[in-house]
């Protein structure tokens, strides 16, 4: 039986049909996702470091070369390199990470695999009693609890439960390090003129700010507030886990397992519906399963949103 993962639980929040396809389809459409591929390449560097003590970015490029061919197809004798437009983006992400964040994997025990009968995932780094995880982002979360909060919350709960089960205590902290995929040209904004900041924002974000040039209400300070120029290449979100995360994880994992199992049961119903003598019973069973899954998905989403509200109150 295919296992759940943190990313599959994320689909229960945003894309149920994608969650369903994980457990019903043996065919998965392959799409070259630069963020995902870059992440895999960089994780290979961490794994290599864990095994050898050598920090070698060439390991990432070796995997990237393999990924090029994985997403290269041959149709009617013609090579179609479906990944070609995205390779530069992957290279930039790899270089940024090596330049800005290579110190992370040298701080503790990297690449810890979490796995049991129902679930599989990885922890990027354990340092002392802290859990560290890095996220490649297009920009830092200005109000992270409203944008990435549900997705991050699921992972906080997962890491807290695993650490507690392994070491019989809570981690002292969970740190999510958001790393820019692209190095910004806007650095030290407070030491630049309004015109310089406008030019840098236009270059960095591919927009036209001619209106801001003549609008006196849009000051240098307002521009900095609006466009959040970055003066460093990473930002750290730091939370202190508590006991409530343990029960929260048990609750959402239980719901995820129930939904997954019912989806798998529905495959049997589909096969029965092909048999005309069982069609009425099969349709009734299918409707019952559909109602059950809809109820559990809504319950899952409500539970996550309610728990998010707790952190919104704490961090606002």
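All of the numbers you see were taken from the coordinates with simple rules; none came from a lab. Predicted, not measured: the structure shown is a model, and the values here were computed from it. Here the Cβ positions follow ideal geometry from the backbone for every residue, glycine too, while neighbour counts run over all protein chains shown.
Mind sorting 15, 265, 117 by how few other Cβ atoms lie within 10 Å of their own Cβ, fewest first?
Details: 15 11, 265 14, 117 8.
By the 10 Å Cβ count, ascending, the order reads 117, 15, 265.
Would you mind ranking 225, 20 by Cβ crowding within 10 Å, fewest neighbours first? It would help to have the intermediate numbers written out before the result.
Working: 225 10, 20 18.
Listing 225, 20 from fewest to most nearby Cβ atoms yields 225, 20.
If packing is taken as the average count of other Cβ atoms within 10 Å, what order do 301-308, 118-125 fall into, highest mean first? Numbers along the way, then the final one.
On the way: 301-308: 15.5, 118-125: 18.5.
Most protected by this proxy first, the peptides run 118-125, 301-308.
Give the order of 259, 126, 201 when sorted by the count of other beta carbons within 10 angstrom, beginning with the fewest. Could the numbers behind the result be given before it?
Details: 259 26, 126 20, 201 23.
Ascending Cβ contact count within 10 Å gives the list 126, 201, 259.
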